[in-house]
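Engineer: Let me give you the structure first, and then I'll get to my questions.
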Amino acid sequence: MLKKFSAAAALAAALTGGLAFVANADPVDESLYIDDLEMITRATAPEGHPFDEVLSGWLFREAETRATEADSFANPGMLSVERGADIWNTVEGTEGKSCASCHGDAAVSMADIGANFPKWDADTQKPINIELQINQCRTDNMGAEEYKFDAPDQLALTTYVKYQSLGTPVSLNLSEGKMQSWWDRGKELYYTRTGQLNFSCASCHEASMGKYIRADHLSQGQVNGFPTYRFSAGGMVSVQNRFRGCIRDTRAEMPAAFSDDLMALEVYVTWRGTGLSVETPAVRQ
């Protein structure tokens, strides 16, 4: 990471970079239904959480964005779900298999699975997320090449798998393997200030939650809706892509995708949303 700047220099950089925080915006008091299924957008925080209540980012969005996510016909992220369904049934690799060859109907075999990742992987002795689980299945079981980070098909298939958990509360098992130590590492990273702006994740999503930044207001930074369709990106965005974008915006060096730091951060940030429904594909600005 780049050398930390003084608080005065960080403030000056923030102001000149257009990152000054102004005004407050409270989360809306509304309910989110997707395909007639009510999402849990407010949940009691788990023990050790800095907030008493965890809040979905949907509650902080403008009315038009909220309405887009609530309508599966209008949600552009559903195109990624449809593409993922095609990939699920496509035979690839030297073994002549598709995802469906082993797992059958994703609506059955993948139901609720996405709400429990990242999880401990005994083979690598590290946490594994859905993207890496897909790559592992491709190389070990299909004889196919693994996807490169954020390849369109990887995003689509990850979105499709997560979509099978729509409405299921997020819940990680920190007792598996050494998951707790990775949670500890992720927490430390969450509160570590880096870059020219001297910001941490907590600077925005905890200390400044609800304040405006660049014509948008800050949520708690929950990841229960990833992969997410972002209007600003014009497409689907993965959780580690978002992490890397935030780190870039602090003007710090970006960690490599699927690096240990980002995986630890994914474990910790996912845990911070415990109890919220999986909303994939969520819609954000």
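Engineer: In a solvent-free Debye calculation with one equal scatterer on each Cα, what is log10 I(q)/I(0) for the chain at q = 0.07, 0.12 Å⁻¹, listed in the order of the q values?
Structural biologist: -0.25, -0.76
Engineer: Now for a separate question. How much of the accessible area of the chain, in percent, comes from carbon and sulfur atoms when a 1.4 Å probe is used?
Structural biologist: Details: 6680 of 13120 Å².
Here carbon and sulfur together make up 51 percent of the probe-accessible area.
Engineer: Hey, what number do you get for the chain at 222 nm if only DSSP H runs of n ≥ 4 count, each worth -39500 (n - 2.57), divided across all residues, to the nearest 500? Intermediate values should be presented prior to the final figure.
Structural biologist: Details: 11 runs with 99 residues, N = 285.
Theoretical 222 nm ellipticity from helices: -10000 deg cm²/dmol.
Engineer: If you don't mind, there's one more thing I want to ask. The stretch 258-278 to the stretch 113-182: how many Å between their Cα centroids?
Structural biologist: 12
Engineer: Given contacts defined as C-alpha pairs under 8 Å and at least six residues apart, what's the relative contact order of the chain, whole-number percent?
Structural biologist: On the way: 537 pairs, mean separation 84.1, N = 285.
After rounding, I find 30 percent.
Engineer: Further, regarding this structure: Which percent, nearest 5, of DSSP beta bridges in the chain are antiparallel? Show your work: numbers first, answer last.
Structural biologist: Values: 18 of 21 bridges.
If I count the DSSP bridges inside the chain, around 85 percent turn out antiparallel.
Engineer: If you count, for each residue, the other Cβ atoms within 10 Å and average over each peptide, how do 115-123, 143-151 line up from highest to lowest?
Structural biologist: Working: 115-123: 17.3, 143-151: 14.7.
For the peptides 115-123, 143-151, the packing ranking is 115-123, 143-151.
Engineer: By how many degrees, 0 to 90 and rounded to 10, does the Cα axis of helix 7-16 deviate from the longest principal axis of the chain?
Structural biologist: Roughly 70 degrees, rounded to the nearest 10.
Engineer: Quick one: grab the alpha carbon gyration tensor of the stretch 139-233, order the square roots of its eigenvalues as a ≥ b ≥ c, and give me rounded if a/c is under 1.5, else prolate or oblate depending on whether a/b is larger than b/c.
Structural biologist: Details: a/c = 1.80, a/b = 1.40, b/c = 1.29.
Prolate, since a/c reaches 1.5 and a/b exceeds b/c.
Engineer: Next question, about the same structure. Along its three principal axes, how long is the stretch 40-148 when you only count alpha carbons? Whole Å, largest extent first please.
Structural biologist: Each principal axis gives a Cα extent; for the stretch 40-148 these are 49, 38, 27 Å.
Engineer: Between 0 and 90 degrees, rounded to the nearest ten: what's the tilt of helix 260-272 against the longest Cα principal axis of the chain?
Structural biologist: With both axes taken from Cα atoms, the answer is about 80 degrees.
Engineer: How far is helix 179-190 tilted off the main Cα axis of the chain, in degrees rounded to 10, range 0 to 90?
Structural biologist: Long axis of 179-190 versus the principal axis of the chain: about 40 degrees.
Engineer: Hey, another quick one. With every protein chain kept in place and ligands, DNA and RNA left out, what is the accessible area per residue of the chain? Probe 1.4 Å, answer in Å².
Structural biologist: Numbers: 13120 Å² over 285 residues.
So the chain comes to 46 Å² accessible per residue, rounded to a whole number.
Engineer: Can you count the Lys pairs in the chain with C-alpha separation below 17 Å, eight or more apart or on different chains? Don't skip to the answer; put the middle values down first.
Structural biologist: Values: LYS119/LYS162; LYS119/LYS178; LYS119/LYS187; LYS126/LYS178; LYS126/LYS187; LYS178/LYS187.
For the chain, the number of qualifying lysine pairs is 6.
Engineer: In whole Å, what is the distance between the alpha-carbon centres of the stretch 42-110 and the stretch 230-252?
Structural biologist: Their Cα centres are 18 Å away from one another.
Engineer: I need the shape label for the stretch 154-202. Rule: rounded when a/c is under 1.5, else prolate if a/b > b/c, else oblate, with a, b, c from the alpha carbon gyration tensor. Walk me through the numbers on the way to the answer.
Structural biologist: On the way: a/c = 2.72, a/b = 1.49, b/c = 1.83.
Oblate, since a/c reaches 1.5 and b/c is not below a/b.
Engineer: Still on this structure: How would you rank 156-163, 222-229, 102-109, 38-45, highest first, on the average number of other Cβ atoms within 10 Å across their residues? Could the numbers behind the result be given before it?
Structural biologist: Numbers: 156-163: 25.5, 222-229: 27.0, 102-109: 12.9, 38-45: 17.0.
Packing order, densest peptide first, comes out as 222-229, 156-163, 38-45, 102-109.
The values are calculated or read from the model by the stated rules, or taken from the named source; none is laboratory data. Predicted, not measured: the structure shown is a model, and the values here were computed from it. With ideal geometry, Cβ positions are generated from the backbone for all residues, glycine too; neighbour counts draw on all protein chains shown. Side chains included, ligands, DNA and RNA excluded: accessible areas come from the protein's heavy atoms. Shrake-Rupley method; radii C 1.70, N 1.55, O 1.52, S 1.80 Å.
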